[in-house]
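**Student:** Below you will find the structure I want to go over with you.
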Amino acid sequence: MRSSDPAQAFRLLPSVEEALNDPALRVDSAAERALTLELVREVLELWRAQIKSGALDAVRLEAELAAGGLARAVRERREREQRAGVVRAVNATGVVMHTGLGRAPLHPEVARAMADAAGYCVLEVDRESGERNERDARLSALLRRLTGAEAAIAVNNNAAAVYLLLNACLQRGVRDEVVVSRGELVEIGGSFRVPDVMERAGVVLREVGTTNRTRIGDYAAAIGERTALLMKIHTSNYRVQGFTEEVEPQELAELGRARKVLTAFDLGSGLLDLDGLAPLPTAMHDEPRLRAAVASGVDVVTFSGDKLLGAPQAGLLVGKRAAIAALRKNPVYRALRLDKVALAGLEATLALYLAGRGDDVPARALLRLTADELRPRAEALARELSALDGLAVEVVAGESQPGSGSAPGVFLPTFVVRVTHRAWSASALASALRRATPPVFTRIQDQAVLLDPRTLLAGDDVRVVAAFRTLARG
Ligand SMILES: *Cc1c(COP(=O)(O)O)cnc(C)c1O
């Protein structure tokens with residue numbers, strides 16, 4: 001019989017019972033035994049499929065089994081599962097609001113407020129009267145004060161905010177059209193496409209203008225009996241350049257008032273423009289500003305909590321009293337409202353701004369760091385790493401990015417540590433770093449791993465060195 005005969009390979013496969021008797025797979029508790037049983041089944045199933053497809057033959061399988069391959073495969077699966085999930089990570093990519101790594105990093109005081117709210121907390125009760133109240137009473141007050149809006153409400157993310165807004169402005173069969181510029185029909189991160197969200201929310205999209213130019217007259221001409229909302233959407237993750245024209249929120253607000261139609265501006269990033277805050281890098285100057293958007297007079301402004309505002313994930317809606325009250329009355333709001341932990345984090349972040357400490361909000365602070373400030377940190381990290389075996393290390397000028405669809409094409413000058421390994425490729429090195437505890441995420445460029453100190457939080461420098469040190473040993 002040839003070794004490539006699948007029947008022979010199938011005969012070599014142990015039964016689940018036999019596999020569980022392997023001393024290398026012995027476990028103590030019933031729960032662990034149940035998990036091991038599941039994993040053994042999964043590995044055997046995978047091998048069966050590989051035999052069937054010709055990817056595994058009897059010779060290799062026999063060698064694998066003799067070398068304890070089944071127990072190893074089970075162990076690796078268990079470890080991979082344990083490593084998965086939401087665990088702390090080190091962001092050495094230089095992408096400040098990295099969607100894959102949790103977007104805006106939170107201030108330690110904010111993290112503490114969130115941990116404090118995890119048990120019991122004052123959520124929907126008034127401490128004076130003992131009566132039931134709104135969970136976001138304090139949050140709304142903070143948002144009103146900081147943005148200058150008359151009222152505010154919060155949901156899980158900005159996608160939900162836009163959905164709530166669209167759904168609430170809809171009067172089915174009466175007013176169901178939402179007017180949007182053809183230049184602003186954005187897709188955010190693959191699954192959030194404005195036309196699709198509109199359809200799901202039950203409204204009818206009425207496109208006006210062209211991809212590059214839309215004027216207020218285009219909006220005005222589209223208003224009819226069925227118009228429910230005039231909407232402006234910030235093109236967060238792309239720019240239309242050249243022969244372009246877009247409608248200013250003031251113009252939209254005036255038109256809406258004159259024709260008695262609701263108006264809204266989806267701002268996306270939520271850059272708070274308080275007096276006294278240090279400016280963000282000039283490369284980011286065309287990000288729309290929150291107070292300015294509210295002051296434009298549109299009825300509703302929507303934005304994310306975890307982009308430039310630097311708070312936990314949330315969708316915030318601020319604006320005119322009547323418009324926000326209508327959102328609160330919509331039953332969809334109940335399905336999208338925030339949980340206590342996110343609320344506590346939002347309140348704590350906004351409290352920092354209100355106390356004049358907005359510059360300490362990490363998302364903003366990290367964006368403001370200059371190359372001059374980052375250089376000594378890159379050099380210190382490089383010194384530590386060059387003491388380790390097998391690494392070639394140098395400090396070079398580089399570029400960080402804001403990330404998360406804010407400020408496309410904006411690169412912030414930085415200094416990065418460029419690392420190559422004597423034996424490993426850059427991608428093998430990066431992959432090993434991702435498997436460290438805590439995992440370290442890096443950038444690869446020109447066959448080298450780059451470490452950008454911009455996004456290293458307190459204590460992360462030490463964690464990076466520790467991750468490299470375990471590699472050197474392993
Ligand atoms: C990011 C963004 C969204 C989606 O916000 P999430 O908080 O990620 O749900 C919607 N609209 C605009 C303009 C955005 O930039």
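Since every read-out is calculated from the coordinates, none of them should be taken as a lab result. Keep in mind the model is a prediction, meaning the values are calculated, not measured. Please note: Cβ atoms are built from the backbone with ideal geometry, for glycine as well, and neighbour counts cover all protein chains shown.
**Student:** Fully extended, how many nm does the chain gain between Arg182 and Ala31 (0.36 nm per residue separation, minus their Cα-Cα distance)?
**Tutor:** Details: separation 151, 0.36 × 151 = 54.36 nm, distance 5.64 nm.
My answer for the length gained is 48.7 nm.
**Student:** Return a whole-number percent for the relative contact order of the stretch 112-240, with Cα pairs under 8 Å and 6 or more residues apart as the contact set.
**Tutor:** On the way: 149 pairs, mean separation 28.7, N = 129.
In percent, rounded to a whole number, it is 22.
**Student:** So, R0 is 56 Å and r is the distance between the beta-carbons of Asp389 and Ala258; what FRET efficiency does that work out to, to 0.05? Write down the numbers at each step before the final one.
**Tutor:** Numbers: r = 73 Å, r/R0 = 1.30.
E between Asp389 and Ala258, to the nearest 0.05, is 0.15.
**Student:** What does the charge count near Ser404 come to, summing +1 for each Lys or Arg and -1 for each Asp or Glu among other residues with Cβ under 9 Å from its Cβ? Working shown, then result.
**Tutor:** On the way: positive: Arg103, Lys307; negative: Asp306.
With Lys, Arg at +1 and Asp, Glu at -1, the neighbours total +1.
**Student:** So if each residue of separation counts as 0.36 nm, and I subtract the Cα-Cα distance between Ser191 and Arg334, what length gain in nm does that give? Mind dumping the intermediate values first?
**Tutor:** Numbers: separation 143, 0.36 × 143 = 51.48 nm, distance 2.26 nm.
Fully extending the segment from Ser191 to Arg334 adds 49.2 nm.
**Student:** Work from the charge dipole of the chain (Cβ charges, +1 for Lys and Arg, -1 for Asp and Glu, about the Cα centre) and give the residue of Ala152, Leu39, Leu369 farthest towards its positive end.
**Tutor:** Leu39
**Student:** Enter the angle in degrees (range 0 to 90, nearest 10) between the Cα long axis of helix 30-53 and the first principal axis of the Cα atoms of the chain, meaning the one along which they spread out most.
**Tutor:** Between the helix axis and the principal axis of the chain, the angle is about 80 degrees.
**Student:** What is the local net charge at Leu20, summed over the other residues whose Cβ is closer than 13 Å to its Cβ (Lys, Arg +1; Asp, Glu -1)? Write down the numbers at each step before the final one.
**Tutor:** Details: positive: Arg26, Arg33, Arg41; negative: Glu17, Glu18, Asp22, Glu32, Glu38.
Here the charged neighbours net out to -2.
**Student:** Something else: Set the Förster radius R0 to 56 Å, insert the Cβ-Cβ distance between Asp5 and Arg127 as r into 1/(1 + (r/R0)^6), and round the FRET efficiency to 0.05.
**Tutor:** On the way: r = 77 Å, r/R0 = 1.37.
After rounding to 0.05, the efficiency reads 0.15.
**Student:** Once you sort the root eigenvalues of the Cα gyration tensor of the stretch 231-300 as a ≥ b ≥ c, which label holds: rounded (a/c under 1.5), prolate (a/b larger than b/c) or oblate (the other case)?
**Tutor:** On the way: a/c = 2.40, a/b = 1.36, b/c = 1.76.
The shape class here is oblate.
**Student:** Say R0 is 22 Å: what FRET efficiency, to the nearest 0.05, do Asp22 and Glu45 get from their beta-carbon distance? Before the final figure, lay out each step's value.
**Tutor:** Working: r = 17 Å, r/R0 = 0.79.
FRET efficiency, Asp22 to Glu45: 0.80.
**Student:** Give me the percent relative contact order of the chain, please, defined on Cα pairs under 8 angstrom at least 6 residues apart.
**Tutor:** Working: 834 pairs, mean separation 87.6, N = 474.
Rounded, it is 18 percent for the chain.
**Student:** Measure nothing fancy, just the Cα-based angle from helix 69-83's long axis to the longest principal axis of the chain, in degrees from 0 to 90, nearest 10.
**Tutor:** Helix 69-83 and the main axis of the chain meet at about 20 degrees.
**Student:** Pick out, from Pro279, Thr302, Gly268, the residue whose Cα sits farthest towards the positive end of the charge dipole of the stretch 253-312, with +1 on the Cβ of Lys and Arg and -1 on the Cβ of Asp and Glu.
**Tutor:** About the Cα centre, the residue reaching furthest to the positive side is Thr302.
**Student:** For the pair Gln241 and Arg434, how long in nm is the line joining their label points, each one 7 Å along Cα→Cβ?
**Tutor:** For the pair Gln241/Arg434, the computed spacing is 3.1 nm.
**Student:** If you take every residue apart from Leu274 with its C-beta less than 15 Å away from the C-beta of Leu274, what net charge results, scoring Lys and Arg +1 and Asp and Glu -1? Don't skip to the end; give the middle numbers.
**Tutor:** Values: positive: Arg144, Arg145, Arg289, Arg291, Arg357, Arg364, Arg368; negative: Asp273, Asp275, Glu287, Asp359, Asp360.
Counting the neighbours of Leu274, the net charge comes to +2.
**Student:** How much length, in nm to one decimal, is gained on full extension between Ala365 and Val86, taken as 0.36 nm per residue of separation minus their Cα-Cα distance?
**Tutor:** Full extension from Ala365 to Val86 adds 98.0 nm.
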